[in-house]
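Some notes on the structure that comes next.
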Amino acid sequence: MDKNPFFHFKNFIAVKAKLPVLFSTVFIFISVSCQNSAPKVSKVYTKVVYDYENEDSFPVQKFSFFLQMDSDVRRIDSIQLYHKETGYRWVINNPLITKSDNTFYAGYTNCSSSSQDNFLIPKGAYSVCYIDSQGREAFSEFNLDYDESASSKHYGDIKEILDAENAILYIGVYSQDGELIYYGLPDKKWNVTKTNLVWNSDAVFKDNKNSAFFRIFYDIENCIYIAPKIMKSE
């Protein structure tokens, strides 16, 4: 079982809301825990996401992160993400929450940057502050470094590079309305591999009722590259 929170919280790739730059809000309803332990962050998982709409477009870049907690996060209030060099701050109210193997994670998957940085998430040192419903805080720090070159390349230009990398491939299958039906490792009979130029699309759509399109996700180190849609009608 993959313990990566990005794998378990499959709904993160369905988030499409247009949110104000440097301020993000997501609402999730979850039952209140009876536990009352002080919050503690043990690890931060980060991913820079490149989302390609089609073969000829430049990607939309997003930043996703999850805090691995050594405490129950169901009494969370907010998370604040701070970039030390620029002073940028993201405030996430009611963050996303997921759980794997009795470990809680809290975070967000759709942070964006400003036009003055060409909409690129700044590299460097970050601090993050977790605040629970009683106002208690837990802090952690991390350093972000990633390959920026994909932001200036079309998918057609970067696909050859992705195929040469040691990537883990996931597949997301969606309905006509963009609802996520399936996200995870592809079934063997779907033939979703880096060496195949033509996947068994018919098998993907047959195994997922009411599906309209699917997308391939290349997970390489601290980046995720989302390929353009493969439509059912094609």
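The values are calculated or read from the model by the stated rules, or taken from the named source; none is laboratory data. Since we're looking at a predicted model, the values are computed, not measured. Positions of Cβ are backbone-derived with ideal geometry, glycine not excepted, and every protein chain shown enters the neighbour counts. SASA here: full protein model, heavy atoms, side chains in, ligands and nucleic acids out. Shrake-Rupley method; radii C 1.70, N 1.55, O 1.52, S 1.80 Å.
For region 31-43, which residues satisfy the criterion of being at pLDDT 90 or above and open to solvent by 30 Å² or more (accessible area, probe 1.4 Å)? Matches in region 31-43: SER42, LYS43.
The numbered conditions (1) of a type in the set (Gly, Ala, Ser); (2) modelled with pLDDT under 90; (3) farther than 14 Å from PHE66 by Cα are all true for GLY135 except (2).
Condition check ((1) of a type in the set (A, V, I, L, M, F, W, C); (2) closer than 20 Å to ASN54 by Cβ; (3) open to solvent by 70 Å² or more (accessible area, probe 1.4 Å)) across all residues:
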site	(1), (2), (3)
ALA164	yes, no, yes
TYR174	no, yes, no
VAL204	yes, yes, no
SER211	no, yes, no
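Scanning region 56-68 for residues that are open to solvent by less than 10 Å² (accessible area, probe 1.4 Å) and out of contact with any helix residue (DSSP H, G or I) (no Cβ under 8 Å at 6 or more places or on another chain) yields PHE63, PHE65, LEU67. Would region 95-105 turn up any residue that is modelled with pLDDT under 90, open to solvent by 70 Å² or more (accessible area, probe 1.4 Å) and more than 28 Å from ILE226 (Cβ to Cβ)? Yes; the residues of region 95-105 include at least one that is modelled with pLDDT under 90, open to solvent by 70 Å² or more (accessible area, probe 1.4 Å) and more than 28 Å from ILE226 (Cβ to Cβ). The lone criterion from (1) at pLDDT below 90; (2) open to solvent by 20 Å² or more (accessible area, probe 1.4 Å) left unmet by VAL192 is number (2). A single entry from TYR146, TYR108, TYR183, TYR130 fulfils the requirement of being open to solvent by less than 60 Å² (accessible area, probe 1.4 Å) and more than 22 Å from GLU221 (Cβ to Cβ): TYR130. Identification of strands (runs of 3 or more DSSP E) wholly contained in region 118-215 with 2 or more residues that are among the charged types (D, E, K, R) yields 137-144.
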